[in-house]
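Everything on this sheet refers to the single structure shown next.
The values are calculated or read from the model by the stated rules, or taken from the named source; none is laboratory data. Since we're looking at a predicted model, the values are computed, not measured. Every residue, glycine among them, receives a Cβ derived from its backbone with ideal geometry; neighbour counts consider all protein chains shown.
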Amino acid sequence: MADKYEQVIELAKRRGFLWNSFELYGGTAGFYDYGPLGAMLKRRVENIWRDIFVINEGYYEIEAPTIGIEDIFIASGHVGGFSDPLTECQKCNEAFRADHLVKDIMDNPDTLSADELTDVINKNSVKCPECGGKLGKVYEFNLMFKTSIGPGGKRAGYLRPETAQGMFVDFPRLVKFYRDRLPFGATQIGKAYRNEISPRQGVIRLREFTQAEAEIFIDPRDKTHPGFREIGDIILNLYSREGQDAGESTRMQIKEAVEKGIIAHEFLGYCLARTYQFLVRVGVSPDKLRFRQHMSDEMAHYAADCWDAEIESERFGWVEVVGIADRTDYDLKAHAKQSETELTVYIPYDKPKKVERFIVKPNMGILGPKFKGKAGKIASALKALKPQELAGDVIRLEIDGEPITIEKDTVTYESVSEEVHGETIIPHVIEPSFGIDRITYSLLEHSYYEEEAKEEGEDEETRIVLRLPPEVAPVQAAVLPLLTREELIKPANEIVKNLRKAGILVSFDDSGTIGRRYRRNDEIGTPYSITVDYDTLKDGTVTIRDRDTMKQVRAAMSGIAENIYDMIYRGKSFEDAGKKV
RNA sequence: GCGCCGGUAGUGUAGCGGUUAUCACUGAGCGUUGCCAACGCUUAAACUCGGGUUCGAGUCCCGACCGGCGCACCA
C-alpha cells in the first residue's frame with residue numbers, strides 16, 4: 001500500500017499542483033514547479049499570511065532583491081559560517097568534513113580556516129579513512145549560490161539564503177517610515193536559495209523555496225505585547241526543553257506558559273498564537289501541530305528563546321515549518337559593525353533626566369606633537385578613565401602593549417550636570433519565519449482523504465477528496481449543467497459570469513456524467529458545486545453541493561455569487577445557503 | 001557525496017534478448033444520460049538520457065540524470 005506521501009504527490013502531479021522542475025530535460029533535485037492549482041493554492045496561503053501579519057498586525061511588506069551583495073552576508077555570517085569545510089580523497093574521490101577528520105588532533109577545528117585545516121592534515125599526515133589515500137586541499141563548500149554582479153566578475157553577489165537580511169539592511173529607512181516608534185515590523189514573502197548538498201524528501205527540502213518572514217523590532221526592556229490578553233487563553237501543544245528531556249509534550253494555555261517562564265516572554269507567546277491561528281486557518285490539523293522549543297545547545301548563541309512550529313507528516317515525522325526566535329540585537333549589531341553605521345532608535349524619556357556627566361578633555365596641542373600617530377589612541381583611552389584614575393600626578397596607560405606616562409597637566413576634566421531627553425537603543429528582533437512550501441505540502445497531506453463510498457447495489461469504490469478550507473481551495477466553485485443541453489448550459493454560463501465578477505475562481509464542466517464531475521472536483525478540493533437542472537428553468541433555483549458531506553441544498557440563482565462568497569469568506573454555514581434537498 | 005534498490009502513456013502497471021510494447025483507469029470527440037467515478041462507438045498517449053555488447057536491446061553492461069532507503073550533512 002502506497003504511503004500517504006506517495007498518494008498526495010501522485011494526486012498533486014496528476015492534477016496540476018506540483019511538478020518536478022525541468023522534467024523535460026530529466027529534472028533536477030531540489031526544484032519543484034507549482035502547477036496551475038498549486039500556484040493558486042500557494043498564493044492563497046500567502047494571502048492569508050498577509051491578512052494576519054501585514055493587515056492585522058500592521059507589519060508592512062517590503063520587497064528586496066533576491067541577490068545580495070557580499071557585505072550583507074559577511075555581516076550575517078553566511079559567507080563565513082554557512083558552509084562546511086570539505087576535503088576529497090585523491091584516490092577514491094570520497095568527500096569528508098575536514099574539521100571532523102582532525103578533531104582528535106585539534107581542540108576547536110571548526111574555528112580553523114580551510115588553509116589551516118589543510119596544514120593540519122598535511123603536518124599530521126591524515127589519510128583517507130576509507131582507503132588510506134592522500135587527501136586533497138580543504139575547501140569551503142558554501143551553501144549559498146554565488147554569482148557575480150556586472151561584467152568582469154569582480155563584485156561577488158549571492159542569492160539570498162533567507163529573506164530576513166533585506167529587512168535588516170533597510171532598518172534605517174524603516175525606522176523613519178515608522179516615525180521612530182517601537183515596536184514596528186517589516187515582512188517579506190519571497191524566494192530564498194540554498195545549494196543543498198543532497199536534497200531529498202521532495203518539496204520538504206528545496207534548493208529554491210519561499211519564505212514568509214517578519215522582523216519585528218521591539219524595545220529590549222519591554223517584551224510585553226498589548227494584544228496578549230486577546231490570545232492568552234489559546235491552548236497550544238508545547239514541546240518545551242523540559243518536555244523533550246522527558247519525551248512528552250504538554251497542552252497549555254499561552255498565558256500559563258509565559259507566567260511559568262516556559263515561553264520567554266509575552267511577545268514571543270503572541271507570535272506563537274498568531275502562527276497557530278495561521279496554520280490552522282490554511283488547513284493544518286491542530287492535532288498534528290506542536291511547538292518545539294530549541295534546546296540551549298541547538299539555539300544560536302545570541303538567541304534568547306526559539307520555538308519551531310512542527311507539523312506531523314506520515315512519512316517525514318515532525319517537520320519544522322516555522323521558526324520563531326528572539327534574535328536579540330545580534331543582527332542589527334552585526335550590520336552596524338559591517339556598515340559602520342549606527343542602527344539604533346532614539347527613545348525619548350517621559351521626563352528629561354538630570355545626569356551628572358564626567359568629561360575628560362585631553363590637551364591635543366600637547367599630546368599631538370609628543371605622541372604623533374599614537375595621540376588618537378591615547379586620547380580615547382584617557383576619555384574612558386574614571387575620576388580617581390585621573391587624580392594622580394602622572395597617569396599611566398598601556399597602548400598596544402607599550403606603557404605610556406602622561407603628565408597631569410595635559411588633561412583636564414570636569415563633572416557637568418545635563419538634561420538628557422532620551423537615549424538611543426538597539427532594538428531586539430523577534431523573527432517569525434515561515435517555510436511556505438512545507439506548509440503548502442503539509443496542508444495537502446492533512447486535507448487528503450480516501451473514503452469508501454458505496455451506493456446501493458454497487459461495488460465499493462474509493463472517493464478521493466481534498467478537504468481544503470474553502471478559503472485556500474484553488475478552484476472555489478464548479479458550475480455544472482446536469483446535462484449537456486443548450487437550455488441548461490445557458491443559465492450555467494450566466495452563473496459562471498456572476499461568480500467571476502465576485503472574484504470567485506470557478507470552473508465550468510459539462511463533460512461526462514454528473515457523478516464523474518463531482519468526483520473530479522472533490523479531488524482538487526473544490527468546496528461547492530452548483531448544478532443547473534430543469535427546475536432552474538422553472539423556478540430559477542439551482543442545487544449547491546457540499547464537497548465534504550455530499551449533501552445538497554437548493555438556492556436561488558439570483559444572488560448565488562454572494563451566497564457562495566459568504567460561505568467561502570464570511571463563515572456562512574452550508575445549511576444556511578438554501579433549502580435542504 | 002557514498003552504498004543498496006528502482007525508473008515503461010497523464011496515473012498505476014505487464015513484458016526481462018526476437019514482428020506493430022500489455023492491461024486498467026484517465027483525457028479528448030460523438031451519441032446517450034433527470035444528481036454522485038453508468039453505457040456504446042471513435043481517438044490520443046510511454047520504454048529517463050548517452051555510450052557499449054549483439055544480426056537484433058525496455059530487456060544485458062557502463063556512465064549520467066531522477067526517485068526511494070541507509071550513511072553523512074541539515075541556517
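Find all pairs meeting these conditions: Cβ atoms under 6 angstrom apart; at least six residues apart or on different chains; first residue within the stretch A:404-419 and among the small types (G, A, S); second residue in a strand (DSSP E or B).
Matching pairs, first to second residue: A:S415/A:E356; A:S415/A:F358; A:S417/A:E356.
I need the strands (runs of 3 or more DSSP E) fully contained in the stretch A:421-534, keeping only those with at least 1 residues that are touching a residue at least 60 places away in the same chain (Cβ under 8 Å).
Counting at least 1 such residues, we get A:428-435, A:448-453, A:461-466, A:477-481.
Looking at A:N93 and the list (1) within 16 Å of RNA strand B (Cβ to nearest atom); (2) at pLDDT 85 or above, which single condition is not satisfied?
(2)
Among the strands (runs of 3 or more DSSP E) contained in the stretch A:4-89, which hold 1 or more residues that are away from RNA strand B (no atom under 15 Å from the Cβ) and modelled with pLDDT of 90 or more?
By residue number, A:32-34, A:67-69.
Report yes if some residue within the stretch A:276-291 is on the phi < 0 side of the Ramachandran plot and within 15 Å of RNA strand B (Cβ to nearest atom); otherwise report no.
no
Take the conditions near RNA strand B (Cβ under 10 Å from one of its atoms), closer than 30 Å to A:D3 by Cβ and among the aliphatic types (A, V, I, L, M) and apply them to A:V472. Does it pass?
no
May I ask you to list the residues in the stretch A:552-568 that are small (G, A, S) and at pLDDT 95 or above?
Within the stretch A:552-568, A:A555, A:A556, A:A561 meet the criteria.
Could you check, for the stretch A:495-506, whether at least one of its residues is within 10 Å of RNA strand B (Cβ to nearest atom) and surrounded by fewer than 15 Cβ atoms within 10 Å (Cβ to Cβ)?
Checking the stretch A:495-506: not a single residue is within 10 Å of RNA strand B (Cβ to nearest atom) and surrounded by fewer than 15 Cβ atoms within 10 Å (Cβ to Cβ).
Just one of A:E450, A:E419 is at negative phi and not assigned by TED's automatic domain parsing to the domain that holds A:A381; which is it?
Going through A:E450, A:E419 in turn, just one is at negative phi and not assigned by TED's automatic domain parsing to the domain that holds A:A381: A:E450.
Among the numbered criteria (1) more than 9 Å from RNA strand B (Cβ to nearest atom); (2) modelled with pLDDT of 95 or more; (3) of a type outside the set (A, V, I, L, M), which single criterion is violated by A:D539?
In the conditions (1) more than 9 Å from RNA strand B (Cβ to nearest atom); (2) modelled with pLDDT of 95 or more; (3) of a type outside the set (A, V, I, L, M), A:D539 misses (2) alone.
Just for helices (runs of 4 or more DSSP H) wholly inside the stretch A:132-244: which have at least 1 residues that are closer than 19 Å to A:P65 by Cβ?
A:164-169, A:171-177
Only one of A:F217, A:F209, A:F228 is within 19 Å of the chain's Cα centre (by Cα) and away from RNA strand B (no atom under 16 Å from the Cβ); which?
On the way: A:F209 fails: away from RNA strand B (no atom under 16 Å from the Cβ); A:F228 fails: within 19 Å of the chain's Cα centre (by Cα).
Within the list A:F217, A:F209, A:F228, the selection yields A:F217.
Filter the stretch A:236-266 for residues that are in contact (Cβ under 8 Å) with a residue 40 or more places away in the chain and closer than 28 Å to A:P469 by Cβ; which is surrounded by the most Cβ atoms within 10 Å (Cβ to Cβ)?
A:I263
Going by the conditions given, is A:C271 touching a His at 6+ places or on another chain (Cβ under 9 Å), within 23 Å of A:F228 (Cα to Cα), surrounded by 15 or more Cβ atoms within 10 Å (Cβ to Cβ) and free of Cβ contacts under 8 Å to residues at least 40 places away in the same chain?
Working: touching a His at 6+ places or on another chain (Cβ under 9 Å): yes; within 23 Å of A:F228 (Cα to Cα): yes; surrounded by 15 or more Cβ atoms within 10 Å (Cβ to Cβ): yes; free of Cβ contacts under 8 Å to residues at least 40 places away in the same chain: no.
Taking the combined requirement at face value, the residue does not satisfy it.
Can you find a residue that is surrounded by fewer than 18 Cβ atoms within 10 Å (Cβ to Cβ) and within 34 Å of the chain's Cα centre (by Cα) anywhere in the stretch A:525-538?
no
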